Amino acid sequence: MQLKQLAMAAAIAATTISAQAQTEIQWWHSMSAALGDWVNDLAKEYNASQTQYKIVPTYKGQYDESMTAAIAAFRAGNAPDILQVFEVGTATMMASKGAVVPVTKVMNDGGFKFDQGEYISAVAGYYTAPNGQMMSYPLNSSTTIFYYNKDAFKKAGLDENKPPKTWPEVFAAAEKLKASGHRCALTTSWMSWTQLESFSLWHNTLYATKNNGFDGTDAKLVFNSPLHVKHFENLAKAAKDGSFVYKGRGNVPDAAFASGECAMITGSSGLYARVVKEGKFAFGQSQLPYYADVKGAPQNTAIGGASLWVMAGKSAERYKGVADFFNFLNNTKIQAASHQRTGYLPVTTAAYKLTEASGFYEKHPGTDTAVTQMIRKTTDKSRGIRLGNFVQIRTIIDEETEQIWTGKKTPQQALDTAVTRGNEQLGRFARANK
């Protein structure tokens, strides 16, 4: 009996020592619902693959909330090791001297090969600084696409296998869906991202000067052009007749599509995981709608989603753990599985090829939409948008466009005011980062 007790005590002691020897890596993120499950599963899979490090994922609210929390934590000296930041926070993070460590340096110091050429160029380019260093790890890159409820289309007498390609076709379909009894025919999540940012790139039209901020911090917003105003006039008309229903900011409207309440939505390719999990209807995915009379359209859409930033001030051992975890995420099979599960882009060419070779796109038509929209040849007007204080600009756009749906402002007035207020934010950022 004593021998058994001694053996048990020794085993417990060994386990305790092993646990103590593990280096915990704190990862703050903004993934909820089905995507939260995905993040937790990634951490579990990595933790089970080795014993030296332990990734501890913590949900910190939506993207803007987690970024605010991390800034406060950094100032207090207790920032996480890894922070997930949405794409509009990129310029702000790049300008945060001393707050972050470039992912290229972390990987190289950790002894891992990190070839930026393995990544889809639109993704790598967005997160790369002018000096050529990749600043953050692109965990969940997405783009804006169009989703539609095939069952609702069939009921409305629309061809469920032929989604509308142009905005006029979308508005026409919305009218038929409404007439068939669907109370919410069309909605959108991420108003600024889908209806202004991606809309601009998709039509090869500037959202801001200085090639959308890539060529300098002294950029000015120009999304109150005749094309932008015309589009919001069309949305306003649809809102007035009830075929377009505004469902809120950020990704809040996603629930309205996943539940079947709304028949069509423009949103993130990352919505796919939620619709698969929660949707009780047949659905389709298609490219973002466009106006066929605009020369150069469609071009390519804007990158979205988020990347992982490594915070400064940590121990060498923690950085080794971060590098080891990123190397795990970089595995082609892990990348491909994440893409197929979530709808986010396969950020490496190898992951795309593996997914294609597996027959996934054939089995699940439309799941390659985000990829084909992003791998098109880009122009100076369409390679992306990188602006300072972008989070605040998006909030301003939400505030001003909401005035359109309530009838308090015309589209011209709302977009003009959003540009004026947004340019004030850009001016502040430029002055602070001379």
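Which of the residues belonging to region 120-147 are open to solvent by less than 10 Å² (accessible area, probe 1.4 Å) and part of a strand (DSSP E or B)?
Scanning region 120-147 gives M134, Y137, P138, N140, S141, S142, T144, I145, F146, Y147.
Residues in region 21-64 that are in contact (Cβ under 8 Å) with a residue 12 or more places away in the chain, within 20 Å of E317 (Cα to Cα) and in contact with a strand residue (DSSP E or B) (Cβ under 6 Å, 6 or more places away or on another chain): how many?
The number of residues fulfilling the criteria is 14.
Would you mind telling me which numbered condition in (1) among the hydrophobic types (A, V, I, L, M, F, W, C); (2) touching a Lys or Arg at 6+ places or on another chain (Cβ under 6 Å); (3) at pLDDT 90 or above A91 fails?
The failed condition is (3).
Take G366 and decide whether it is among the small types (G, A, S) and at pLDDT below 95.
yes
Counting just the residues of region 270-300 that are touching a Leu at 6+ places or on another chain (Cβ under 7 Å) and of a type in the set (G, A, S), which one comes out farthest from F232 (Cα to Cα)?
A273
Those residues that are in a helix (DSSP H, G or I) and out of contact with any strand residue (DSSP E or B) (no Cβ under 9 Å at 6 or more places or on another chain), I need them from region 404-420; list them, please.
Within region 404-420, I404, P411, Q412, Q413, A414, L415, D416, T417 meet the criteria.
Look at G407 and say whether it is more than 19 Å from the chain's Cα centre (by Cα), at positive phi and either open to solvent by 30 Å² or more (accessible area, probe 1.4 Å) or touching a residue at least 12 places away in the same chain (Cβ under 8 Å) (or both).
Here the answer is yes, as G407 does meet what is asked.
Any residue at all in region 277-290 that is open to solvent by less than 40 Å² (accessible area, probe 1.4 Å), assigned by the TED database to the domain that holds K154, over 17 Å from T143 (Cα atoms) and modelled with pLDDT of 95 or more?
Scanning region 277-290, I find at least one residue that is open to solvent by less than 40 Å² (accessible area, probe 1.4 Å), assigned by the TED database to the domain that holds K154, over 17 Å from T143 (Cα atoms) and modelled with pLDDT of 95 or more, so the answer is yes.
Can you tell me which residue is nearest to the chain's Cα centre (by Cα) among those in region 325-363 that are open to solvent by less than 30 Å² (accessible area, probe 1.4 Å) and of a type in the set (F, W, Y)?
That would be Y344.
Only one of these is of a type in the set (G, A, S) and surrounded by fewer than 19 Cβ atoms within 10 Å (Cβ to Cβ): G427, G388, G422. Name it. Step through it out loud before you land on a result.
Numbers: G388 fails: surrounded by fewer than 19 Cβ atoms within 10 Å (Cβ to Cβ); G422 fails: surrounded by fewer than 19 Cβ atoms within 10 Å (Cβ to Cβ).
Exactly one residue qualifies, and that residue is G427.
Among the residues that make up region 266-279, is at least one of them touching a residue at least 60 places away in the same chain (Cβ under 8 Å) and of a type in the set (K, R)?
Looking through region 266-279, at least one residue is touching a residue at least 60 places away in the same chain (Cβ under 8 Å) and of a type in the set (K, R).
With respect to P130, determine if the residue is closer than 30 Å to S30 by Cβ and either touching a strand residue (DSSP E or B) at 6+ places or on another chain (Cβ under 9 Å) or of a type in the set (S, T, Y) (or both).
Values: closer than 30 Å to S30 by Cβ: yes; either touching a strand residue (DSSP E or B) at 6+ places or on another chain (Cβ under 9 Å) or of a type in the set (S, T, Y) (or both): no.
Spelling it out, it is not the case that P130 is closer than 30 Å to S30 by Cβ and either touching a strand residue (DSSP E or B) at 6+ places or on another chain (Cβ under 9 Å) or of a type in the set (S, T, Y) (or both).
Within region 71-87, which residues are in a helix (DSSP H, G or I), under 22 Å from N251 (Cβ atoms) and at pLDDT 90 or above?
Matches in region 71-87: E87 only.
In region 88-119, which residues are in contact (Cβ under 8 Å) with a residue 60 or more places away in the chain, in a loop (DSSP other than H, G, I, E, B) and over 19 Å from N327 (Cβ atoms)?
A95, G98, A99
Output the residue which, of all residues in region 212-231 that are modelled with pLDDT of 95 or more and of a type in the set (S, T, N, Q), is least open to solvent (accessible area, probe 1.4 Å).
The residue in question is N212.
To keep it simple, each residue is scored yes or no on (1) at pLDDT 95 or above; (2) assigned to a helix (DSSP H, G or I).
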{"residue": "Y352", "(1), (2)": "no, yes"}
{"residue": "T355", "(1), (2)": "yes, yes"}
{"residue": "Q373", "(1), (2)": "no, yes"}
{"residue": "G388", "(1), (2)": "no, no"}
{"residue": "V391", "(1), (2)": "no, yes"}
{"residue": "R394", "(1), (2)": "yes, yes"}
{"residue": "E402", "(1), (2)": "yes, yes"}
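Consider only pairs whose beta carbons are under 6 Å apart and that are at least six residues apart or on different chains; among these, list those whose first residue lies in region 176-188 and is within 12 Å of A239 (Cβ to Cβ) and whose second residue is assigned to a loop (DSSP other than H, G, I, E, B) and among the charged types (D, E, K, R).
Listed by first residue and then by second, the contacts come to C184/E261; T187/K247.
Any idea how many residues of region 151-167 are assigned to a loop (DSSP other than H, G, I, E, B) and in contact with a Leu (Cβ under 9 Å, 6 or more places away or on another chain)?
Qualifying residue count for the region: 3.
Using the structure shown, decide if P57 is open to solvent by less than 40 Å² (accessible area, probe 1.4 Å), closer than 30 Å to N433 by Cα, modelled with pLDDT of 95 or more and out of contact with any Asp or Glu (no Cβ under 7 Å at 6 or more places or on another chain).
no
The values are calculated or read from the model by the stated rules, or taken from the named source; none is laboratory data. As the structure is a prediction and not an experimental result, all values here were calculated from the model. Backbone-built Cβ (ideal geometry, glycine too); neighbour counts: all protein chains shown. Areas reflect the complete protein model, heavy atoms only, side chains present, ligands, DNA and RNA absent. Shrake-Rupley method; radii C 1.70, N 1.55, O 1.52, S 1.80 Å.
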